[in-house]
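See below for the structure under consideration.
The values are calculated or read from the model by the stated rules, or taken from the named source; none is laboratory data. Everything quoted here is computed from the prediction, not taken from an experiment. With ideal geometry, Cβ positions are generated from the backbone for all residues, glycine too; neighbour counts draw on all protein chains shown. Calculation scope for accessible area: heavy atoms of the full protein, side chains included, ligands and nucleic acids excluded. Shrake-Rupley method; radii C 1.70, N 1.55, O 1.52, S 1.80 Å.
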Amino acid sequence: MSDPHLPFPEGFVWGSATASYQVEGAVDIDGRGRSIWDTFCEVPGAVAGGDTGAVACDHYHRYPQDIALMAELGLGAYRFSIAWPRVQPDGRGSVNQQGLDHYRRVVDRLLEHDIVPYVTLYHWDLPQALQDRGGWPARDTAYRFADYVAIVHAALGDTVRHWITLNEPKVASHAGYGSGIHAPGIRDLDQRDRAVHHLLLAHGLGLQALRAAGHGAGQQVGITLDLSPVSPASDSPDDRAASRRIDVDSHRLFLDPVLRGAYPREAGAPFTDPAADLVRPGDLELVGAPIDFLGVNYYRRMLVRASPSGHLRAEVVLPEGVPVTAVGWPVEPDGLRELLVGLRAEHPGLPPVYLTENGAAYPDQIDADGTVHDPDRVDYLHRHLLALHAAISAGVDVRGYFAWTLIDNFEWAEGYAKRFGLVHVDYADQRRVPKTSARWLGGVARTNAVPPR
Ligand code: IFM
């Protein structure tokens, strides 16, 4: 009888992902400067429970044990981010060698375990000193990012081959400068739009810096976007128009410049009217320069209906009868297949894709026997991997899958209460306990195949 497991393409990459501020802790040592998240966490009410990333999972010190755990589980790749304030405490000028040395040790340790590093250069922890000079709404920040990228590449580029310029620029701009629910907590649509463009410009300039410094054909550079299929809650013209507005504002505003070198027409004056003096000659050539892969973070679909409030006059609503995770996101695995197949149809030149994040928060608990059973997360991963397999079978070139996230960690404004990890962390003593899902995903990684349901 043939094996009913569904095989993934040969060489498919299986890994897990984290981000510096969410796991490292150690915010005051070895010359690290302050980031906007250190500051934001001090604002009363900004983060649930008054939590901060000051200690987090102490991954800064415990990375050897965490890497050994990845190897034991069978995960062959690790996507992690570099904290800009560790490398340049002021975000510009002098370099903190201790910060670079730390990441050198992390990369070396990964390679010793045959784990391939995928390095994200910006996952939201902007140096506070740059925010004090205007942050992402200031054009200069994009140029400072390119300098920082060149510094990191000079330190790690001999062994790191896979680089991700930015993680989810939409969240950095929209939540950081629009709704203000993330650092630096600003609510100003003009600043938000300026942040969008300067983040994308930073991607373009960072890409240019990596290409200039590159180590031949082996180097792969991409950007990670958080994407969802968007659909109207009804056939009404109002809901359809609202759905389109959300799709443009959340996705096309980022996808089109990166993959087509142009903002969508509906993006509005700041992006399309030269008189606004936001998008300058040559910017879009940089932003739209070819990338080697697109990183896609998938968590949910978006169902949209028209609303009288909000600047987009639209709201995302929950579909009926669909289970939700602990952060209230609907579990819709087929949205992943639909998203990837749709991306390929809309962008004939779509580069290879990595699923750079996918995962779910559930209220996990340690059982009396010391184990953590998370059947909901196993089911979530299983169904999403079947959907991913279906997208690959439909012809989408997907090269790898990174579960979000390796260890429970600081979930931004939600603090530590929401657990996304494959591995449970007891924050009182930093003990790690792999959940059932960690072993399950490790089995998938070792066999490069997903079982049927
Ligand atoms: O924890 C975040 C991560 O930092 C970015 N993508 C979504 C995850 C879950 O909210």
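Does the range 126-134 include one or more residues that are within 16 Å of the ligand (Cβ to nearest atom), in contact (Cβ under 8 Å) with a residue 12 or more places away in the chain and closer than 30 Å to P44 by Cα?
Of all residues in the range 126-134, those within 16 Å of the ligand (Cβ to nearest atom) come to 126.
Adding the requirement that they be in contact (Cβ under 8 Å) with a residue 12 or more places away in the chain leaves 126.
From what is left, the residues that are closer than 30 Å to P44 by Cα are 126.
There is at least one residue in the range 126-134 that is within 16 Å of the ligand (Cβ to nearest atom), in contact (Cβ under 8 Å) with a residue 12 or more places away in the chain and closer than 30 Å to P44 by Cα.
Which ranges mark the strands (runs of 3 or more DSSP E) fully within the range 188-306 that have 2 or more residues being modelled with pLDDT of 95 or more and over 19 Å from the mean Cα position of the chain (by Cα)?
Details: elements: 220-226, 230-232, 293-297, 302-306.
Per the criteria, 230-232, 302-306.
A428 is checked against (1) away from the ligand (no atom under 16 Å from the Cβ); (2) open to solvent by less than 40 Å² (accessible area, probe 1.4 Å); (3) of a type in the set (A, V, I, L, M, F, W, C); (4) part of a loop (DSSP other than H, G, I, E, B) and fails just one. What number does that condition carry?
Every condition holds for A428 apart from (2).
Name the pairs whose Cβ atoms lie under 9 Å apart, with the first residue in the range 150-171 and among the basic types (K, R), the second surrounded by fewer than 24 Cβ atoms within 10 Å (Cβ to Cβ) and assigned to a helix (DSSP H, G or I), and 6 or more positions between them or separate chains?
What qualifies is R161/G218; K170/D249; K170/S250; K170/H251.
Residue under question is P308, and the condition is that it be farther than 24 Å from F402 by Cα, more than 16 Å from the ligand (Cβ to nearest atom) and surrounded by fewer than 15 Cβ atoms within 10 Å (Cβ to Cβ); does it hold? Walk me through it before giving the result.
Working: farther than 24 Å from F402 by Cα: yes; more than 16 Å from the ligand (Cβ to nearest atom): yes; surrounded by fewer than 15 Cβ atoms within 10 Å (Cβ to Cβ): yes.
So P308 fits the description; yes.
Of everything in the range 389-408 that's part of a loop (DSSP other than H, G, I, E, B) and either surrounded by fewer than 20 Cβ atoms within 10 Å (Cβ to Cβ) or of a type in the set (A, V, I, L, M) (or both), which residue is nearest to the ligand (Cβ to nearest atom)? Before you say what the answer is, go through the steps one by one.
The initial filter retains those residues of the range 389-408 that are part of a loop (DSSP other than H, G, I, E, B), namely 394-397, 405-406, 408.
Now drop any that are not either surrounded by fewer than 20 Cβ atoms within 10 Å (Cβ to Cβ) or of a type in the set (A, V, I, L, M) (or both), which leaves 394-397, 406.
Working: A394: 25, G395: 27, V396: 21, D397: 23, L406: 12 Å.
If we take residues in the range 389-408 being part of a loop (DSSP other than H, G, I, E, B) and either surrounded by fewer than 20 Cβ atoms within 10 Å (Cβ to Cβ) or of a type in the set (A, V, I, L, M) (or both), then L406 is nearest to the ligand (Cβ to nearest atom).
Which residues, counting only those in the range 171-204, are among the charged types (D, E, K, R) and surrounded by fewer than 22 Cβ atoms within 10 Å (Cβ to Cβ)? Working first, answer last.
Our first condition is that a residue be among the charged types (D, E, K, R); within the range 171-204, this holds for 187-188, 190, 192-194.
R187, D188, D190 - these are the residues of the range 171-204 that are among the charged types (D, E, K, R) and surrounded by fewer than 22 Cβ atoms within 10 Å (Cβ to Cβ).
Can you say whether V316 is over 25 Å from P237 (Cβ atoms), modelled with pLDDT of 95 or more, within 16 Å of the ligand (Cβ to nearest atom) and part of a strand (DSSP E or B), as far as the supplied structure shows? I'd like the intermediate steps shown before the answer.
Values: over 25 Å from P237 (Cβ atoms): no; modelled with pLDDT of 95 or more: yes; within 16 Å of the ligand (Cβ to nearest atom): yes; part of a strand (DSSP E or B): yes.
The answer is no for V316.
From the residues in the range 139-166 that are of a type in the set (G, A, S) and under 10 Å from G206 (Cβ atoms), which one is least open to solvent (accessible area, probe 1.4 Å)? Show your work before the answer.
Taking the range 139-166 first, the residues of a type in the set (G, A, S) are 142, 146, 150, 154-155, 157.
From what's left, under 10 Å from G206 (Cβ atoms): 142, 146, 150.
Values: A142: 0, A146: 16, A150: 46 Å².
Checked the range 139-166; the qualifying residue least open to solvent (accessible area, probe 1.4 Å) is A142.
Read through the list (1) within 30 Å of A289 (Cα to Cα); (2) modelled with pLDDT under 95, then give the number of the only condition that R453 fails.
Here R453 meets the rest and fails (1).
Just to be sure I understand, how many residues within the range 431-453 are in a loop (DSSP other than H, G, I, E, B) and open to solvent by less than 60 Å² (accessible area, probe 1.4 Å)? If you could, list the steps in order and put the result at the bottom.
At the first step, the residues of the range 431-453 found to be in a loop (DSSP other than H, G, I, E, B) are 448, 451-453.
Those still in the list that are open to solvent by less than 60 Å² (accessible area, probe 1.4 Å) too: 448, 451.
Total meeting the criteria: 2.
Any residue that is away from the ligand (no atom under 16 Å from the Cβ), over 30 Å from R453 (Cα atoms), out of contact with any Gly (no Cβ under 7 Å at 6 or more places or on another chain) and touching a residue at least 12 places away in the same chain (Cβ under 8 Å) - is there at least one of those in the range 284-302?
yes
Tally time: how many residues in the range 160-183 are away from the ligand (no atom under 14 Å from the Cβ) and in a strand (DSSP E or B)?
Total meeting the criteria: 3.
Counting only residues that are surrounded by fewer than 18 Cβ atoms within 10 Å (Cβ to Cβ) and in contact (Cβ under 8 Å) with a residue 12 or more places away in the chain, which one in the range 352-365 is farthest from the ligand (Cβ to nearest atom)? Before you say what the answer is, go through the steps one by one.
Quick first cut of the range 352-365, residues surrounded by fewer than 18 Cβ atoms within 10 Å (Cβ to Cβ) only: 352, 363, 365.
Filter once more, so that each one left must be in contact (Cβ under 8 Å) with a residue 12 or more places away in the chain: 352, 363.
Values: P352: 21, P363: 15 Å.
Filtering the range 352-365 for residues that are surrounded by fewer than 18 Cβ atoms within 10 Å (Cβ to Cβ) and in contact (Cβ under 8 Å) with a residue 12 or more places away in the chain, the one farthest from the ligand (Cβ to nearest atom) comes out as P352.
Might you let me know whether the range 197-208 holds any residue that is free of Cβ contacts under 8 Å to residues at least 60 places away in the same chain and away from the ligand (no atom under 16 Å from the Cβ)? Write out each step before concluding.
First, pick out the residues of the range 197-208 that are free of Cβ contacts under 8 Å to residues at least 60 places away in the same chain: none.
No.
Run down V396, V372 and say which single residue is of a type in the set (A, V, I, L, M, F, W, C), over 17 Å from P9 (Cβ atoms) and more than 18 Å from the chain's Cα centre (by Cα). Walk me through how you get there before you give the answer.
Working: V396 fails: over 17 Å from P9 (Cβ atoms).
So the residue among V396, V372 that is of a type in the set (A, V, I, L, M, F, W, C), over 17 Å from P9 (Cβ atoms) and more than 18 Å from the chain's Cα centre (by Cα) is V372.
Which of the residues that make up the range 219-237 are open to solvent by less than 10 Å² (accessible area, probe 1.4 Å) and among the small types (G, A, S)? I'd like the intermediate steps shown before the answer.
The initial filter retains those residues of the range 219-237 that are open to solvent by less than 10 Å² (accessible area, probe 1.4 Å), namely 221-225, 227.
Listed by number, the list holds a single entry, G222.
Mind listing whichever residues of the range 319-351 are open to solvent by less than 50 Å² (accessible area, probe 1.4 Å), within 16 Å of the ligand (Cβ to nearest atom) and outside any helix (DSSP H, G or I)?
Hits for the range 319-351 are T325, A326, V327, G328, P330, V331, E332.
Need at least 3 residues that are of a type outside the set (K, R) and surrounded by fewer than 23 Cβ atoms within 10 Å (Cβ to Cβ) per element, so show me which helices (runs of 4 or more DSSP H) inside the range 1-99 make the cut, counting only ones lying wholly within it.
Working: elements: 20-23, 36-41, 59-73, 84-87.
Counting at least 3 such residues, we get 36-41, 59-73.
Contact list please: Cβ distance under 7 Å, first residue in the range 6-28 and within 26 Å of P451 (Cα to Cα), second residue part of a helix (DSSP H, G or I) and small (G, A, S), pairs at least six apart or on different chains.
Note: pairs meeting the criteria are W14/A445.
Out of (1) open to solvent by 40 Å² or more (accessible area, probe 1.4 Å); (2) over 22 Å from W124 (Cβ atoms), the odd one out for A417 is which?
It is condition (2) that A417 fails.
Report, by residue number, each residue of the range 258-305 that is of a type in the set (G, A, S) and surrounded by fewer than 22 Cβ atoms within 10 Å (Cβ to Cβ). Walk me through how you get there before you give the answer.
Of the range 258-305, the ones of a type in the set (G, A, S) are 261-262, 267-269, 275-276, 282, 288-289, 295.
Within the range 258-305, G261, A262, A267, G268, A269, A275, A276, G282, G288, A289 meet the criteria.
Identify, please: which residue in the range 367-388 is open to solvent by less than 60 Å² (accessible area, probe 1.4 Å) and over 20 Å from G335 (Cα atoms) and is, among those, nearest to the ligand (Cβ to nearest atom)? Reasoning before the result, please.
Quick first cut of the range 367-388, residues open to solvent by less than 60 Å² (accessible area, probe 1.4 Å) only: 370-372, 374, 377-382, 384-388.
Still in the running and over 20 Å from G335 (Cα atoms): 370-372, 374.
Values: G370: 26, T371: 24, V372: 19, D374: 16 Å.
The residue in question is D374.
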